[in-house]
Number of protein chains: 2
Amino acid sequence: MNFSFEIAKTDATGARRGKLTTPHGSIATPFFMPVGTAATVKGLTQGALEDLGAEIILANTYHLYLRPGHELIRRLGGLHRFMSWPRAILTDSGGFQVFSLAQLRKITEDGVRFRSHLDGSEHLLTPEKAAEIQLALGSDIAMVLDECIETPAPRDAAEAALRRTTAWARRARAFFLACASRNGELAQWQFGIVQGATFADLRRESARQLLELDFPGYAIGGLAVGEPHAMTCEVTQEVAALLPKDRPRYLMGVGRPEQIADYVALGIDMMDCVLPTRAARHACLYTSQGRVLIKNARYAQDLGPIDGECSCAVCRRYSRAYLRHLFAAGEITAAILATHHNVHFYLDIMRQIREAIEFGNLAKFSSAMHARYAAGPA
Amino acid sequence: MNFSFEIAKTDATGARRGKLTTPHGSIATPFFMPVGTAATVKGLTQGALEDLGAEIILANTYHLYLRPGHELIRRLGGLHRFMSWPRAILTDSGGFQVFSLAQLRKITEDGVRFRSHLDGSEHLLTPEKAAEIQLALGSDIAMVLDECIETPAPRDAAEAALRRTTAWARRARAFFLACASRNGELAQWQFGIVQGATFADLRRESARQLLELDFPGYAIGGLAVGEPHAMTCEVTQEVAALLPKDRPRYLMGVGRPEQIADYVALGIDMMDCVLPTRAARHACLYTSQGRVLIKNARYAQDLGPIDGECSCAVCRRYSRAYLRHLFAAGEITAAILATHHNVHFYLDIMRQIREAIEFGNLAKFSSAMHARYAAGPA
């Protein structure tokens, strides 16, 4: 099997510096995945992503299942070939989008029935179906279907969701292993997702149950959905301590620039978030000095780069004044340049974090980031 | 003066192979200018334009005057620096946009009063003002303000517009030369624009009057605005024959892929059109075999490139199936990739046309293009 996870160093905080190897290349950990919802990171070509040094991206199963359809992508040779992206891809299970985007959801023990947000068509997503779709897509890492609930959740709702999530994980794992035994070794790793809302005992129970299924990697789901950062960290710490040291840990859907290092210090190896790309399209740029809301009139005559410390292609060439103009004029090029910069910023944070782990000064890096991002919008 | 125009060869059709030199580089003629309305070619970064081999782009005076304002661009070092584009730029006079986009136009002998399409603010564009704005922008080639009328125009309207256009050209030329004598040699060439609708005698009169003003280059305006292609060619031929052989000739706002070579054969050296960029955003792709309307369901599983004969970065990497998916999903990346391909296609047509002139087979090239683009949408 062309998969492996190696840890080169664990620092005093618990942060791990490692390497995740997939059939589509090795990825230095800890890493951040830019989100390519519909088989494209909005505003960036695959060539630009390569230039930026992205070693892995995330694609959304829900979106690709509905359009263009996983069977079409399978026929065309899988997602890597379809989008011409030779590096690694992680797909989510589709669950989160079903719970946030789809209409008329109805959850049963079997799965979740929903209507497409695109055309109202009715679909049933089961643990087996979510696994099957992701096998058709051919992503390197697939996630099991879990039930996502709103936060804060009452205890009984969290318990019921957890029961289903575990049952679904068992079925997803069984389906995946059956495919593997039928078809020979699969070019995919399947990860489990620990749920349990903000209840420590439920999280522990979820982790214990999932460990029995022997996933090669574990995600922590249902966090960073509105609860305070301190609580996200508390639950993450609790769960991470229960997960096997030798397997990758993925905190789903995080985070703000200043929070990334905190999660890494809790032993997280993998993250993803739409924030850098979505914020870019809304003219919010991340810099070493904090956020820059580039539409602000104060930048109208500012000939400086977005970030004087940034080495990205946008900062080397364009001024804040020009970026502001492009946003004011509603130009596509504004989204292209802003996204390029923000993704560079996130990938560069990760490079700095990996170096900080090696040199044993992650806590210092984290404090500096918090100081610079003390206030303001996300 | 860092400007010159040299002709290396004139072929049997009258097509000219030459070189236009500006302070921002030499441009092989005949050339096509991608349109960068608001100081950006929609969907392309300046780096992408350089990679595509664009040696000159066109920017719109009307748009830049309204937003971000020519004075701001002047303060920031001119348009080249503002948009970080080191190669040549031609600016139009703003006239065409005032007549097509602005509200409540009122034309007087002095100029044209209008309301901004952005915020309704009132402005007066005079020949002097149009020249002043373009000097502030610092474009390499500036156009005089002309009056654009609708086609077909009644003769008396065409006569009145022509009278004003000539009077405005005199004032624009005088203003420009006064600036030059006050400030020393200007880093800009100012071109005149021949008008006269589709009346041969008016066109001749316009050309004769403008020649007296001794512009370093001449444009033909008011064509390709709805009249049949044969008529565009007829008027272009008539006018081109009257223009000085040693000066560049610019046919404004053309054209379709299959028409470009026709204009070159009539002695045209310069063209511009929003077609390749606008069509790209509407999923119309130009190829060596004709137009490809990429949203069509027939491309859903087509793993071939947009154009098998195309060497552009998009055709080398992505399939028709992927492009179709991106358009169906409404992704920004669709516009980026499609624009890249279409601009490559136009610039490549020009490369082929320049070579065809050198080898004496432009007519053959033209016939082949017409055969491939015989039918279908623009």
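A short reminder: the numbers here are calculations on the coordinates, not readings from a lab. Just so we're clear, the structure is a prediction, and the values are computed from it rather than from any experiment. With ideal geometry, Cβ positions are generated from the backbone for all residues, glycine too; neighbour counts draw on all protein chains shown.
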note = Restricting to lysines and to Cα separations under 28 Å from B:LYS245, and discarding same-chain partners fewer than 8 apart, the set is B:LYS9, B:LYS19, B:LYS364
inquiry  = Please enumerate, by chain and number, the lysines with C-alpha under 29 Å from the C-alpha of B:LYS129, excluding those fewer than 8 residues away in the same chain.
reply    = A:LYS295, B:LYS42, B:LYS106
task = Quick one: grab Rg to one decimal and Dmax as a whole number for the range B:192-282, Cα atoms only, in Å.
result = 13.0, 43
query = By how many degrees, between 0 and 90 and to the nearest 10, does the Cα long axis of helix B:155-183 differ from the longest principal axis of chain B?
reply = 80 degrees
note = Output row for A:GLY330: copy-to-copy label distances, label 7 Å along Cα→C-beta, ascending, in nanometres, one decimal, is 1.4
ask   = For the range A:269-378, what mean projected area does the convex hull of the alpha carbons give, in nm²?
value = 7.0 nm²
task = State, to one decimal in nm, how far the label point of B:ILE7 lies from the label point of A:LEU303, with both points 7 Å from Cα in the Cβ direction.
result = 4.2 nm
task = Quickly rank A:39-48, B:238-247, A:89-98 as a protection proxy: mean count of other C-beta atoms within 10 Å, highest first.
result = A:89-98, A:39-48, B:238-247
key: Highest-fluctuation residue, B:ALA283, B:ALA15, B:ALA329 considered, GNM on chain B with Cα pairs under 10 Å   = B:ALA329
inquiry  = Per-residue Cβ counts within 10 Å, from other chains only, averaged over B:319-332: what number is that?
reply    = 5
Signed unit charges on C-beta, dipole axis of chain B, positive-most listed residue B:LEU145, B:ILE57, B:THR45 = B:THR45
inquiry  = Explain nothing, just the number: dipole magnitude of the protein assembly as shown about its Cα centre with +1 on each Lys and Arg Cβ and -1 on each Asp and Glu Cβ, in debye rounded to the nearest 20.
reply    = 100 debye
ask   = Given the C-alpha centroids of the range B:75-94 and the range A:204-232, what is the distance between them in whole angstrom?
value = 54 Å
inquiry  = Rounded to the nearest 20 debye, what is the charge dipole size of chain A about its Cα centre when +1 sits on each Lys and Arg Cβ and -1 on each Asp and Glu Cβ?
reply    = 640 debye
note = Out of B:LEU64, B:LEU177, B:LEU79, a Gaussian network model of chain B with alpha-carbon springs under 10 Å gives the largest mean-square fluctuation to B:LEU177
Cysteines, chain B, no other Cys beta-carbon under 4.7 Å = B:CYS148, B:CYS179, B:CYS233, B:CYS273, B:CYS284, B:CYS312
remark   = Ranked by GNM mean-square fluctuation in chain A (Cα springs under 10 Å), the top entry among A:ARG182, A:ARG320, A:ARG17 is A:ARG182
query = Roughly speaking, what is the centre-to-centre gap between the range B:247-314 and the range A:249-300 when only Cα atoms are used, to the nearest Å?
reply = 39 Å
Computed label-point distance, nm, for sites B:HIS282 and B:LEU124 using a 7 Å Cα→Cβ extension = 3.8 nm
ask   = In debye, nearest 20: dipole of the range A:66-109 around its Cα centre with unit charges on the Cβ of K, R (+) and D, E (-)?
value = 160 debye
key: For B:GLN301, label point 7 Å along C-beta direction: distances to other copies, nm   = 6.1
request  = Let me know the Kirkwood hydrodynamic radius for the protein assembly as shown, please, with Cα pairs as the basis and the value in Å to one decimal.
outcome  = 28.6 Å
